Amino acid sequence: MHLQQIFKEYLELHGYWVLFAGTFLEGEAILLLAGFLAFQGYLGITGVICTAWAGSFLGDQFYFYLGRSKGRGLLKRFHSIAKKFRQALKLIEKYGNFVAFISRFTYGFRIVLPIILGITNLAPRTFLWINLVSALAWSIIFSLGGYIFGKSASLLLDNVSNYEHYLVVVLLGLIFTAWCAHAWHVWKLKKPARDRLVRIRALKILRRAPS
């Protein structure tokens with residue numbers, strides 16, 4: 001049996017379940033890839049959007065109620081969550097409930113923000129409705145992002161199917177490049193804070209040194 005046919009049959013059986021699990025946890029990369037595979041006919045674009053919507057919505061509902069029931073303990077146990085908690089509170093103070101809408105669009109806060117929102121006094125019903133709309137918008141944007149990538153490639157290539165493996169690599173490369181650019185930007189923003197910490201440590205060492 002041709003490898004492409006095997007791949008198609010595998011996706012027909014398991015593709016949506018894999019997509020659901022991926023979007024439940026995080027999911028931008030897998031959703032963009034699913035959008036491209038929908039353009040190629042391996043998956044249906046409507047099915048991709050609906051599956052991503054369900055996975056993303058249920059994932060954030062889970063994290064919200066995890067924050068509701070275990071949030072305080074998580075803050076004490078995980079330093080990274082406690083650190084982001086302070087940053088998230090600043091966002092909540094500035095944007096209010098809109099933070100619940102943009103949480104899945106904020107890299108590095110996708111899982112943490114719903115947990116932190118669960119710790120706050122945000123009403124569960126309010127979060128539910130905001131989460132429904134946000135998950136739908138996120139699913140449509142990233143699904144169509146992958147689909148449009150395939151559509152754009154078809155304008156340049158005679159037969160996209162002959163190059164789909166290379167296009168998958170290109171798409172993953174673009175995602176990785178975007179991730180690296182974001183990581184570099186965050187590193188650059190935090191550089192002044194790191195420099196101050198180095199100076200403080202150096203001063204402490206000088207003060208402890210015998211005169």
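The values are calculated or read from the model by the stated rules, or taken from the named source; none is laboratory data. Bear in mind that the values here come from a model prediction, so they are computed numbers and not experimental data. No Cβ is skipped: glycine too gets one built from the backbone with ideal geometry, and neighbour counts run over all protein chains shown.
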Filter result for ARG110 (touching a residue at least 40 places away in the same chain (Cβ under 8 Å), outside any helix (DSSP H, G or I) and under 13 Å from SER56 (Cα atoms)): yes
Total residues in segment 51-70, condition within 20 Å of ILE102 (Cα to Cα) and either touching a Ser or Thr at 6+ places or on another chain (Cβ under 8 Å) or among the small types (Gly, Ala, Ser) (or both): 9
Flag for TYR65 being over 17 Å from the mean Cα position of the chain (by Cα), modelled with pLDDT of 90 or more and over 20 Å from ALA137 (Cβ atoms): yes
Among the candidates PHE109, PHE142, residue that is aromatic (Phe, Trp, Tyr), modelled with pLDDT of 80 or more and on the phi < 0 side of the Ramachandran plot: PHE142
Residue that is modelled with the lowest pLDDT [pool: residues in segment 152-179 that are assigned to a helix (DSSP H, G or I) and more than 30 Å from THR106 (Cα to Cα)]: TYR163
Residues (part of a helix (DSSP H, G or I) and at pLDDT below 90) located in segment 36-62: PHE36, LEU37, ALA38, PHE39
Flag if PHE127 is out of contact with any Phe, Trp or Tyr (no Cβ under 6 Å at 6 or more places or on another chain), outside any loop (DSSP other than H, G, I, E, B) and in contact (Cβ under 8 Å) with a residue 12 or more places away in the chain: no
In segment 85-125, residue farthest from ARG68 (Cα to Cα) [restricted to those that are among the small types (Gly, Ala, Ser) and surrounded by fewer than 19 Cβ atoms within 10 Å (Cβ to Cβ)]: GLY108
Considering residues of segment 39-62 that are more than 14 Å from ALA135 (Cβ to Cβ) and surrounded by fewer than 16 Cβ atoms within 10 Å (Cβ to Cβ) only, the residue farthest from the chain's Cα centre (by Cα): GLY41
